[in-house]
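Quick one: structure below, then a few questions.
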C-alpha cells in the first residue's frame, strides 16, 4: 500500500512538472567554439536524460567487457574453495573414523585447494597423528598457533608432542600457553600442574591451582591433594635452604589442605619436635594415626622419645597403638620395641595379631627372632623363615601409579619416571 501511494505521488509530481514545463517552455541558448544552439528547456532536459541513459549503458558495457576476466578468476576461486571445503569436511570424517590413508589424501587436497594452512591445519594434524608422523604434526601445530581460533589446539598439541619426546621444559611452556587460552579445558590443568611440580615451579603451580579452582577444572578432592603436594614441595625446599620456620608453616598448611596427607604430617611433626614443641607434635601424630596408620607416623612418634630406655619406648608405642588397635603396622612396631625390652610374650602376641592382618616377610622374620632369642629354638625359627618364602604377602611401599616403581621413601615426584604426585602407599 505504501509503495502504491509513493508511486502515485511521484507520478503526479512528474506529470505536474511536465505540464508546467509545457506551459512555460522558456528558451536556452548555448554558445561554444563558435557554435550556437537555440532550444527550449524541455528539449534540453530530454537530451540530457537520453545522454545519461547512453552513458549508463556504455559504462555497463565497458565493465562487462573488461570485468569478464576478473569474474572468471573469481568463479574459479569460488569453485576451488567449494571443493576445498568439501575435501576438508570429508577428511575430518575420515579422520574421525580412523581412516589414516583417506584422511591424509583429503588433507593434501584441501591444502592444495584452500592454500590456507591455518584452516586445514586441524585435518592435517589429525591425519599426521593417525599416521604417526610427529614431524609433520609438529609443523602443523606450529602453523595453528598463528590463528586465534586454533592457537589453543596448537599449543596443547605441541605440549603433548614434547611430553612424548621427553622434553618436559617445552611441554610445560606450551601447556602454560594453552592454559592461558582455555583454563577450563579437560585434562590441561592437571597436566600443567604435574609439569610445574616436577620442575619445582611452586608459585606458578599455586597460580594455576587457583585458576583451576575458579574454573572447576579439577575435582575438589584432586584440588586438595595437589595443593597439599605443592605446599609439601615448598616446605622441603625451605628446609633444604635452612629455613625451618618457613618449612614448618608450609608443612602445616599442607596438612590443613589434606588432613590425611601422611608425608606432610610426618614432616610437620618432625619440625615441631626440633623446635621443642613435642606435645603439639604428639597430638598431630596421634590424630593422624587414628585415622590413617602409617610407618612414617610411628617413626615420628618414636623420635619424640629420644633418650628413653627400652621399657619407656614400649609404653610410648603402646600409647600410640591404642589410638588404632586394628593397625598391623602398630602391632609390628610394638612387637619390635617389646623384643628390644625382652618382653617375649608381648612381642609374640602382637606379632601373631599382625600375622592375622597382614602376613608380610617382616612379621615372619620377627617371629623367627622371638623363637631364637626367647627359646633358643632354631628349628622353630627356621620354620617361620621357610613360611616367609611361601605364605608372605608383599611389604607395603610407596608405588608410582604411572610406572609402577616401588620405593620405601615418599617423594613429590617418582624417582623412576619423574611423574608428580603419583606415589601412593600400597
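Against the condition within 12 Å of the chain's Cα centre (by Cα), under 30 Å from residue 135 (Cβ atoms), surrounded by fewer than 24 Cβ atoms within 10 Å (Cβ to Cβ) and touching a residue at least 24 places away in the same chain (Cβ under 8 Å), how does residue 156 come out, does it pass?
For residue 156, the condition - within 12 Å of the chain's Cα centre (by Cα), under 30 Å from residue 135 (Cβ atoms), surrounded by fewer than 24 Cβ atoms within 10 Å (Cβ to Cβ) and touching a residue at least 24 places away in the same chain (Cβ under 8 Å) - is met.
Still on this model: Evaluate the stretch 274-294: report whether one residue or more is in contact (Cβ under 8 Å) with a residue 40 or more places away in the chain and surrounded by 15 or more Cβ atoms within 10 Å (Cβ to Cβ).
yes
Right, another one. Check 238, 247, 288 and return the single one that is at pLDDT 95 or above, under 22 Å from residue 425 (Cβ atoms) and out of contact with any strand residue (DSSP E or B) (no Cβ under 6 Å at 6 or more places or on another chain).
The unique qualifying residue is 288.
Scanning for something within 37 Å of the chain's Cα centre (by Cα), in a loop (DSSP other than H, G, I, E, B), under 30 Å from residue 198 (Cβ atoms) and without any contact (Cβ under 8 Å) to a residue 12 or more places away in the chain, does the stretch 386-406 turn up at least one residue?
Yes, some residue in the stretch 386-406 is within 37 Å of the chain's Cα centre (by Cα), in a loop (DSSP other than H, G, I, E, B), under 30 Å from residue 198 (Cβ atoms) and without any contact (Cβ under 8 Å) to a residue 12 or more places away in the chain.
Taking the conditions exactly as written (in contact (Cβ under 8 Å) with a residue 24 or more places away in the chain, out of contact with any strand residue (DSSP E or B) (no Cβ under 7 Å at 6 or more places or on another chain) and either more than 30 Å from residue 306 (Cβ to Cβ) or not in a helix (DSSP H, G or I) (or both)), does residue 346 satisfy them or not? Talk me through it step by step, then tell me what you get.
Details: in contact (Cβ under 8 Å) with a residue 24 or more places away in the chain: yes; out of contact with any strand residue (DSSP E or B) (no Cβ under 7 Å at 6 or more places or on another chain): yes; either more than 30 Å from residue 306 (Cβ to Cβ) or not in a helix (DSSP H, G or I) (or both): no.
The answer is no for residue 346.
Could you list, in sequence order, all residues of the stretch 224-247 that are over 17 Å from residue 412 (Cα atoms) and part of a helix (DSSP H, G or I)?
Answer for the stretch 224-247, where residues must be over 17 Å from residue 412 (Cα atoms) and part of a helix (DSSP H, G or I): 244, 245, 246.
Do we find a residue being in contact (Cβ under 8 Å) with a residue 24 or more places away in the chain, within 30 Å of residue 194 (Cβ to Cβ) and buried (at least 19 other Cβ atoms within 10 Å of the Cβ) anywhere in the stretch 317-336?
Within the stretch 317-336, one or more residues are in contact (Cβ under 8 Å) with a residue 24 or more places away in the chain, within 30 Å of residue 194 (Cβ to Cβ) and buried (at least 19 other Cβ atoms within 10 Å of the Cβ).
Taking the residues in the stretch 337-361 that are surrounded by 24 or more Cβ atoms within 10 Å (Cβ to Cβ) and under 16 Å from residue 375 (Cβ atoms) as candidates, determine which candidate is nearest to the chain's Cα centre (by Cα).
351
The values are calculated or read from the model by the stated rules, or taken from the named source; none is laboratory data. As the structure is a prediction and not an experimental result, all values here were calculated from the model. A quick note on method: Cβ atoms are made from the backbone with ideal geometry, for glycine too, and the neighbour counts reach across all protein chains shown.
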